[in-house]
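See below for the structure under consideration.
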Amino acid sequence: MMQSLANIANRIRTFVLQLNLFEDERTRLDQFHLRTAIISTRVYVTLLTLAVIVVLVALISLETQSEAIIIRNPSEANYQTLLKKNLAQLLCPCSRITIPYGNFTSTAIAYHPVCSSVFVTNDWIRHFFSSDIGKLYQPDFRVLASSYFQLLAALCFHAKRSVHDALDDFDSETLITPSVFTQDNLNSYIQEKTNDTFTNALSIFRSKTYISKQTEPFNIVNTQMRNALDQFQLSVPRTFLRRLDFIRDVAHGNGYVSRTSSNWYIESVLTNGLGIMAPRSYGNKNCSCGINASCTSLATIDKWIIPGFLVGCYPLESLLQSTLECLYDLTCINRLKNVTKFSNITFRPLDPTLSSHNVTVQSLVDVLMIDQWESNIIYENYYTACSAPSCTYVIIEQVNLVYMITTIFGLYGGLTIAFKVIVPILMTIVQYLIMHRRRRVEPVVDVIPYRE
């Protein structure tokens with residue numbers, strides 16, 4: 001029994017020592033090539049075994065494996081489905097990097113009701129013009145009423161124009177979108193941009209309002225104010241503000257007289273025909289237009305105090321400090337119609353459910369006469385404009401036995417071919433180098449015959 005086992009062991013040992021996977025005609029005829037082929041076989045088997053072991057250990061140590069999945073021309077529904085799955089590294093690049101905001105946003109703006117009311121129309125304003133205005137006592141509302149409502153109409157016009165221009169600029173701006181935004185991210189981004197747009201429009205409009213504020217002493221109303229605003233719209237805001245401050249200082253410092261003489265009046269006339277001017281005072285004579293351009297008093301008509309309205313040095317200054325309370329009250333409106341000899345026209349008061357009646361005109365101007373600003377994002381239009389050609393995501397799953405086996409066999413096939421080509425060449429080179437080295441160091445012995 002022991003002898004049989006020993007014979008089997010010897011046969012196995014002989015087989016291993018003589019194993020030759022690179023046998024060819026040269027190995028059968030030449031001992032050098034045979035020896036090289038046997039050594040190459042041992043190196044080949046060793047390298048292949050080590051490679052398989054390393055790959056096997058690496059696969060076993062991995063708990064998960066990842067795989068990239070590509071979906072061509074995904075629809076919006078496909079994209080939303082992928083989002084709900086919380087997939088790792090979901091990326092859907094857009095076919096165009098920039099998309100104009102106007103392609104996927106819409107804006108609805110509700111202005112203060114007065115801007116669409118009859119109170120800013122010519123039918124209302126023209127009834128306040130009268131050739132007898134100069135004969136009225138200065139605080140009488142009829143002296144400044146036409147200017148007030150002209151200015152109110154102009155404020156509404158330029159507020160709408162400022163917003164319209166700002167929205168045109170906003171719509172022409174582009175969203176940089178290398179990949180598809182989610183709807184929440186897009187909403188947050190656009191909301192921030194619309195807030196910035198509103199703020200910028202508000203700043204521009206306030207600067208325009210300041211122009212009318214400062215030019216009002218020069219009797220600029222309605223058309224004149226529009227022309228001034230158009231001229232300054234192209235100017236840099238900072239430059240405009242510096243000029244505006246200069247105009248304001250010059251206008252008030254030099255005491256320019258308003259057309260209605262609401263700030264300065266002729267106190268007396270000299271014998272040479274020249275008049276002596278004096279500043280008007282408001283607020284129980286405690287505030288002089290020569291010192292303060294914002295002086296005001298309650299507006300009256302024949303001792304009737306008109307709710308909300310004030311009169312003062314400059315029409316715009318006093319209008320901004322006034323409220324539109326009277327325009328919400330039908331009784332007040334009818335009384336205005338009676339004292340100004342309106343024709344038989346029906347005027348509806350402002351709706352108090354839409355806006356507050358005790359807010360100053362200045363407060364309305366501060367928000368561009370806007371009651372509500374609503375921006376909507378049409379995500380379908382955005383996704384269509386983005387037109388993502390593909391979506392890529394990575395799925396992560398547990399390593400399974402089938403995957404391990406296919407991976408090992410795949411690597412085994414590739415390594416087998418590579419090693420069978422490389423190993424024999426390397427071993428042949430090594431053997432030649434070793435043989436060459438032995439020949440160089442082998443001593444040369446000369447045999448000298450011995451003679452007696």
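Bear in mind that the values in this text are calculations on the coordinates, not laboratory data. All values reported here derive from a predicted model rather than from experimental measurement. With ideal geometry, Cβ positions are generated from the backbone for all residues, glycine too; neighbour counts draw on all protein chains shown.
Take C94, C313 and order them by how many other Cβ atoms sit within 10 Å, fewest up front. Could the numbers behind the result be given before it?
Numbers: C94 21, C313 27.
The order, fewest Cβ neighbours first, is C94, C313.
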Practice problem: Using label points projected 7 Å from each Cα along Cα→Cβ, tell me how many nm separate L330 and S356, to one decimal. | Solution: 2.6
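How high is the FRET efficiency between T416 and I12 when r is their beta carbon distance and R₀ equals 30 Å, given to the nearest 0.05?
Values: r = 23 Å, r/R0 = 0.77.
Efficiency for this residue pair is about 0.80.
Test of understanding: ordering T428, T331 by Cβ neighbours within 10 Å, fewest first, what list do you get? Mind showing how you got there, number by number?
Working: T428 17, T331 10.
Taking fewest neighbouring Cβ atoms as first place, the list is T331, T428.
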Quiz item: Taking a label point 7 Å from the Cα of V394 along the Cα→Cβ vector, which residues of region 66-96 have an amide N closer than 20 Å to it?
Solution: 66-72, 82-94
Self-check item: region 361-400-region 286-343 distance, computed between alpha-carbon centres (Å)
Solution: 46
Quiz item: Listing I69, I408 from the residue with the fewest other Cβ atoms within 10 Å to the one with the most, what is the order?
Solution: I69, I408
